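See structure below.
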Amino acid sequence: MDAYKPSCSNWRSPSSQQYLSSSSEDDDGYDAHDYDEEEEEEEYDEETGWEGEEYDEEEGCEEWEDYDEEEGCEEEEEYDEEEGCEGEDYDEEEGCEEEEEYDGEDEYWDDDDEYDEEEELCYEEEEEPYQVSVAHSHKPSTWMDMPLDKEVELVQLPTNSPEYLKVKSKVHSTLPVHIDRIVRIQNPYIWGCYTLKKNEYEHRLGSAVKELELFHATAQSNVDSIAANNLDWRRTKRAKFGKGVSFSPRAHYANKYCNYNAGTERALILTRVLVGKCHKGKYWMKSPKEGYDTTIGNSKSVYVKYEDNEFYPEYVAYYRQ
C-alpha cells in the first residue's frame, strides 16, 4: 500500500481515518452515521489505486489537490522565486501589489497621500489648516486687511479720500449738516451673506436686479450693534409703507423720519440695497406681495425691505441734528 501512497504530506489511508464524533464529517463528505464496517475497506486496484480515487504517482490523488513536487498543492498559492506568491505579483525591488508601491527612492509614502519630493510633506512640519471665507475671498477692493478671526472693524476714512468725499457729497446734496467723521464698516460675515443673496437675485431675476445706495438714519448709540449684526427689520416701530427696514435715496428724508428717540447725535448709514420687483406699500404690511421683494413709497422716496441679507450697511456718517 505504501508504494501507492501519494507523496502529499497530508495523505492518510482510508483504513486509518478516525471518525471522532457522530456530528463530524470525513474528508469524503459522508456522515459518520452512514459508516459501515463492511464498506471500511474499499476495492483496491493495483493500476488505479483505491476505488474512486484515480491515483497517479506524478500527479498525486484527484481527491486532494493535484500535487507536484515543484509546484506544491493547488490549494496553496503558486509560488515562483521571481514573482512571489500568486495573487500578489511580487518583485524583490517593488514588493507585493497589495502593499504600497515602493521603489526605495522615495522617503515617504502613505495610503492617501502620494509623496512628492518638491512638496516635502511631513506630518511633523504640517501647518494647521486655515479657512478662507467667501467674504474674505470676495471682499471689496477698498477694504483694509483684517485678521480672519476678527468679526467686524470700523475704519475711519481720511477726509481727502475718494470714499469720504463720495459719502459727504451724497449727504450734503439734500442735508447740509456738519459731518464729524465717516467710517467704513468691514464685516466679512454680513458681507458674505449679502453677496450670496445678490448672486441668488441675479440668478433668479437677471438684469432686473438693482443695487441701490440708500440712507437709513439712526442714533449714534446704535451704530456698533448695526455694524456687528446688520439692521434688524423686526425692530421697526414707525412703518408708513410697510413693517420692515426703511431706506431713502435722500438723506434729508431719512433724517426726517428717523426715530424720535434718536436725539441730536445721529448717524446716516449709507447702505447697499438689493431691489428686484417692488410695489406700493401700506403701513400694515408685514411682507410684500407674493413674487415681490420690496415695497415703496410715493415717487420711490422710500424703499422697505423685509428679509435678512438683502442689504449691507457700508458707510456711517456721524453728524448732529
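Values in this text are rule-based calculations from the coordinates and carry no lab data. Note that the structure is a prediction, hence the values are computed from the model and not measured. Glycine also receives a Cβ, built like all others from the backbone with ideal geometry; neighbour counts cover every protein chain displayed.
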>> Of VAL171, CYS278, PHE215, which is farthest towards the positive pole of the stretch 136-320's charge dipole, taken about the Cα centre with +1 and -1 on the beta-carbons of Lys, Arg and Asp, Glu respectively?
In response: CYS278
> Which whole-number percentage describes the relative contact order of the stretch 247-321, with Cα contacts under 8 Å and a sequence gap of 6 or more?
Replying inline: 41 percent
> What order do you get for 224-233, 277-286 when each peptide is scored by the mean count of other beta carbon atoms within 10 Å, highest first?
Replying inline: 224-233, 277-286
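Within a Cβ distance under 13 Å of ALA227, other residues only, what is the Lys/Arg minus Asp/Glu net charge?
Details: positive: LYS150, ARG184; negative: GLU151, GLU153, ASP224, ASP232, GLU314.
It works out to a net charge of -3.
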> Whole-Hz Karplus ³J(HN,Hα) for the stretch 252-257, in order, using 6.51 cos²θ - 1.76 cosθ + 1.60 and θ = phi - 60°, x for Gly and Pro?
Replying inline: 5, 6, 4, 5, 5, 9
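From the square roots a ≥ b ≥ c of the eigenvalues of the alpha-carbon gyration tensor of the stretch 133-244, which class results: rounded (a/c under 1.5), prolate (a/b over b/c), or oblate?
Details: a/c = 1.38, a/b = 1.07, b/c = 1.28.
Taking the square roots of the gyration eigenvalues as a ≥ b ≥ c, the stretch 133-244 is rounded.
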